[in-house]
Amino acid sequence: MKNLSFFRKTMADAATIKKIEEGFEKLQNAKDCHSLLKKYLTKEVKDQLKDKKTKLGATLLDVIQSGVANLDSGVGVYAPDAEAYTLFKPLFDPLIKDYHNGFAANQKQPATDLGEGKTSQLADLDPEGKYINSTRIRCGRSLQGYPFNPCLTEANYVEMEGKVKKVFAELKDGELQGTYYPLDGMTKEVQTQLIQDHFLFKEGDRFLQAANACRYWPKGRGIYHNKDKTFLVWVNEEDHLRIISMQQGGNVGKVLERLIKGVKTIQAQAPFSRDERLGWLTFCPSNLGTTVRASVHIKLPKISARPDFKKICDDLKLQIRGIHGEHSDSVGGVYDISNKARLGLTEFEAVKQMYDGVKHLIELEKKA
Ligand code: ADP
Ligand code: ARG
């Protein structure tokens, strides 16, 4: 016979279940909510999962609270720890399938192929510099042995930052060599300028805040970058690490080459969490698998004014964001266009999806 303390440790308590029920009701009553959370948190799924708890103590409430607080979420869920992806499978699996281009519950992420030796297939998309302002490719990594934001302690954040600082000290290659700038102690002027110039993550993201992902801020958070700010690593924002390569213009091959060099060097020194089926693990299910978002900042005045611009991009498996990234608007007709799916294809294929799609958009613009 299992005793009461066993159930306390493994099952959600009454107060948590009550909040889950209230959250479910709120979603049901929100007519204007179109999140994947609302779509897949059916009554059956909610009832099946509401009393479950991961070994680290995370519940369904941790998974859904951001999407409940922010009814305008596109996705609406986060995984508080790696186990959540399995324990709360009935919610995550269909949602992942929907987001990642039909990646089914029995499918597996292919082996990593960053595209080494293939970057010559990615010739400059805009050699005359008429359309593309800049190109950026990022990927995320989670340090093995640590859960995601809502389960991290203040000591964890500081310890993780210490570990990655050691890794940065080993980035001796000319192009990768740089400096780590902790957020703790950074002046507001410097921080604001870095955000404005598209190099640093923003502060106070309400989706992350509601997911309990900003505790102890700015402790353990920071940015590493080289002198030219073409190779950057975000520390402990949404994911433990976001490794980024970016530069002006449309030379996707060059941007990918630099990213590959950075990822390989970092990976040789720090073990990262990877799941057999889901690939590289991240806090948000939209980033699983390759974790790759390859984007251009692009001006397409003619076709972006068409009412079917979003449909054209959807059909090319591309996502449109604004000039300051997710949940921002276009300014001066500049859009951030990237691959949408990150799971069920290789890293190189994810970049190629953006590359082929943007190439097509530029051809349409020229003909329009
Ligand atoms: P992420 O790409 O890491 O998921 P965001 O969409 O919030 O997150 O973008 C982060 C920052 O990167 C934003 O400031 C955004 O403007 C910038 N960014 C994204 N793509 C490009 C690009 N191609 N060129 C320049 N900046 C970019
Ligand atoms: N939770 C937010 C939403 O649902 C962001 C989802 C995807 N983006 C991300 N940065 N994880 O709209």
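Where a number appears in this text, it was derived from the coordinates with a stated rule and is not lab data. Nothing here was measured: the structure is a model prediction, and the numbers come from that model. Cβ sites come from the backbone with ideal geometry, for glycine too, and all protein chains shown count toward neighbours.
On the first, second and third principal axes, largest extent first, how far apart are the outermost C-alpha atoms of the range 190-302 in Å?
On the principal axes, the range 190-302 reaches 39, 35, 34 Å in Cα extent.
For every helix of n ≥ 4 consecutive DSSP H residues, a contribution of -39,500 (n - 2.57) applies; sum these over the chain, divide by its total residues, and give [θ] at 222 nm rounded to the nearest 500 deg cm²/dmol.
So the calculated ellipticity at 222 nm is -11000 deg cm²/dmol.
Would you mind classifying the range 138-253 by shape? Square roots of the alpha carbon gyration tensor eigenvalues, ordered a ≥ b ≥ c; an a/c under 1.5 is rounded, otherwise it is prolate if a/b is larger than b/c and oblate if not.
Numbers: a/c = 1.65, a/b = 1.35, b/c = 1.22.
It comes out prolate by the Cα gyration axes.
Of the candidates Gly325, Gly162, Gly357, which one comes out as most mobile in a Gaussian network treatment of the chain with C-alpha springs shorter than 10 Å?
For the chain, modelled as a Gaussian network with Cα springs under 10 Å, the answer is Gly162.
Sort Ser328, Ser286 by Cβ crowding within 10 Å, fewest neighbours at the top.
Working: Ser328 12, Ser286 24.
Ordered from fewest to most neighbouring Cβ atoms within 10 Å, Ser328, Ser286 come out as Ser328, Ser286.
Hey, what do the phi angles of the range 119-133 turn into as Karplus ³J(HN,Hα) couplings, whole Hz, using 6.51/-1.76/1.60 and θ = phi - 60°, x for Gly and Pro?
The phi angles translate into 5, 5, 6, 10, 4, 3, 6, 8, x, 8, x, 8, 10, 9, 7 Hz.
Among Ile137, Ile195, Ile266, which comes first, second and so on when ranked by fewest other beta-carbon atoms within 10 Å?
So the residues, fewest neighbours to most, are Ile195, Ile266, Ile137.
Would you please classify the overall shape of the range 48-180 from the alpha carbon gyration tensor, given that a ≥ b ≥ c denote the square roots of the eigenvalues, rounded means a/c under 1.5, and beyond that prolate means a/b larger than b/c while oblate covers the rest?
Judged from the Cα gyration tensor, the range 48-180 comes out oblate (a/c at least 1.5, b/c at or above a/b).
Using the Cα centre as the reference, give the magnitude of the dipole from point charges on the C-beta atoms of the chain (Lys, Arg: +1; Asp, Glu: -1; all else neutral), rounded to the nearest 20 debye. Could you put the intermediate results ahead of the total?
Details: 56 positive and 48 negative charges, 77 e Å.
The dipole of the chain has a size of about 380 debye.
Please work out the C-alpha center-to-center distance from the range 93-156 to the range 297-355 and express it in whole Å.
15
Fewest Cβ neighbours within 10 Å first, please rank His225, His324 accordingly. Please report the intermediate quantities before stating the final value.
Numbers: His225 21, His324 15.
Exposure proxy ranking, most exposed first: His324, His225.
Taking each full run of DSSP H in the chain as one helix, which ones are at least 15 Å long along their axis (Cα atoms) and have mean Kyte-Doolittle hydropathy of at least -1.0?
TM-like helix candidates: 14-29, 154-169, 252-267, 347-367.
Sort 58-71, 23-36, 207-220 for me by packing, meaning the mean count of neighbouring Cβ atoms within 10 Å per residue, highest on top.
58-71, 207-220, 23-36
Quick check: residue separation of Ala155 and Arg274 times 0.36 nm, minus the Cα distance between them. What number comes out in nm? Mind dumping the intermediate values first?
Details: separation 119, 0.36 × 119 = 42.84 nm, distance 2.35 nm.
Full-extension gain reported as 40.5 nm.
With 31 Å as the cut-off, how large is the P(r) tail for the chain, expressed as percent of Cα-Cα pairs?
The proportion of pairs with Cα distances above 31 Å equals 36 percent.
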